[in-house]
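Undergrad: Please read through the structure below; I'll follow up with questions.
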Amino acid sequence: MLEQLSCLTVSDCSMLQMIESQAPNLTTFDFEGDNLVQLSLQQSLQVRNLLMECHLEENFLCYPVTKLPYMVPNLESLTLSSNGERLNVSMVPVKFLYLEFLEICLDGDLSPMI
């Protein structure tokens, strides 16, 4: 059954601490919640589109910007949203090699600031 899963959306699971997926054909992953969860995407080479929106977590943007290039190396579209956070992109040591679309929203409502 996991081979048929191509899109996974996780929303408003306040007690969730980790998401682990072994779906080999997962291409789109969307997460929205109040707290940051750890991701474990075992078969992550197919993931091309990722949306992460975190409402209450401080320093949320640091996690996806530093960890995701290693976890989902073929990412083409990335949307990150957080409430009132600041990010210094010049301090980010890693790069997304295939990224074509980047949207960072710092007010939490997916109205782009950059």
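The values are calculated or read from the model by the stated rules, or taken from the named source; none is laboratory data. Since we're looking at a predicted model, the values are computed, not measured. So basically every Cβ, Gly included, is an ideal-geometry build from the backbone, and we count neighbours across all protein chains shown.
Undergrad: Which of the numbered conditions does Ser6 fail, given that it passes all the others? Conditions: (1) closer than 19 Å to Pro69 by Cβ; (2) at pLDDT 90 or above; (3) among the polar types (S, T, N, Q).
TA: Unmet for Ser6, out of (1) closer than 19 Å to Pro69 by Cβ; (2) at pLDDT 90 or above; (3) among the polar types (S, T, N, Q): (1).
Undergrad: For segment 45-70, how many residues are in contact with a strand residue (DSSP E or B) (Cβ under 8 Å, 6 or more places away or on another chain) and either within 21 Å of Asp107 (Cα to Cα) or surrounded by 15 or more Cβ atoms within 10 Å (Cβ to Cβ) (or both)?
TA: So the answer is 16.
Undergrad: Return yes when Pro24 is closer than 22 Å to Phe96 by Cα, in a loop (DSSP other than H, G, I, E, B) and of a type outside the set (A, V, I, L, M) and no when it is not.
TA: Yes: the conditions hold for Pro24.
Undergrad: Right, something else. For residues in segment 27-52 being modelled with pLDDT of 90 or more and part of a loop (DSSP other than H, G, I, E, B), which is farthest from Tyr70 (Cα to Cα)?
TA: Thr27
Undergrad: Take the residues in segment 23-40 that are farther than 13 Å from Ser77 by Cβ and over 11 Å from the mean Cα position of the chain (by Cα), then tell me which one is surrounded by the most Cβ atoms within 10 Å (Cβ to Cβ).
TA: Filtering first and then ranking leaves Leu26.
Undergrad: Taking Glu53 as the residue in question, decide whether it is acidic (Asp, Glu) and in contact (Cβ under 8 Å) with a residue 24 or more places away in the chain.
TA: Criteria met by Glu53.
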